[in-house]
Amino acid sequence: MSNKKFFLVGLFVSFLVAGFFSFYASSQPDGLEKATAEQGLDVTVIDSPNAEGVLADYGVAGIENERLSGFLGGAIGVAVVGIAGTGIYFWVRTPKSGDIK
């Protein structure tokens with residue numbers, strides 16, 4: 001399998017997992033959140049300034065359809081991480097002999 005085909009298949013699978021399966025993610029609190037609530041340590045908790053942001057709660061604000069909102073939130077997340085990863089790769093990679101001028 002060529003590198004380009006491998007990259008495209010990986011990209012498709014990433015969008016599928018993040019976009020489709022993210023709708024089925026648990027809405028229950030994580031272990032740390034649950035433990036602090038059980039110990040009574042959550043009385044001073046304040047919401048993040050981003051709690052009402054465009055991509056809060058694994059969705060896109062303003063889109064009423066939950067499935068579409070979750071899919072777009074996951075797809076945007078994959079795109080942002082992919083762009084950041086690609087940028088870091090090109091920033092830290094060892095240049096080939098033909099790249100140096």
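Just so you know, all these numbers are worked out from the coordinates, no wet-lab data involved. Please read all numbers here as calculations on a predicted model, not as lab measurements. Cβ: placed from backbone, ideal geometry, glycine included. Neighbour counts: every protein chain shown.
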Here, Glu66 and Ala84, labelled 7 Å along Cα→Cβ, have an inter-label distance in nm of 2.7
I'd like the FRET efficiency for Leu16 and Asp47, computed as 1/(1 + (r/R0)^6) with the beta carbon distance as r and R0 of 41 Å, rounded to 0.05. 0.85
Highest mean packing first, using Cβ neighbours within 10 angstrom, the peptides 32-43, 84-95 sort as 32-43, 84-95
The chain: calculated mean residue ellipticity at 222 nm from DSSP helix runs of at least 4, using -39500 (n - 2.57): -17500 deg cm²/dmol
Relative contact order of the chain, please, whole-number percent, based on alpha carbon pairs below 8 angstrom and at least 6 residues apart. 32
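Is there a quick way to get the dipole size of the chain? I mean about its Cα centre, with the Cβ of Lys and Arg at +1 and of Asp and Glu at -1; what is the value in debye to the nearest 20? Let's see the in-between values first.
On the way: 7 positive and 10 negative charges, 217 e Å.
For the chain, the charge dipole is close to 1040 debye.
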Identify which of Gly73, Gly19, Gly53 has the largest mean-square fluctuation in a Gaussian network model of the chain, with springs joining Cα atoms closer than 10 Å. Gly53
Residue farthest toward the positive end of the dipole of the chain, with Cβ of Lys/Arg at +1 and Asp/Glu at -1: which of Ile76, Val17, Val92? Val92
Let me know the Rg and Dmax you get for the chain when you use only its Cα atoms, in Å. 19.2, 62
Using a Gaussian network model on the chain with a 10 Å cutoff between Cα atoms, which of Phe23, Phe12, Phe71 fluctuates the most? Phe12
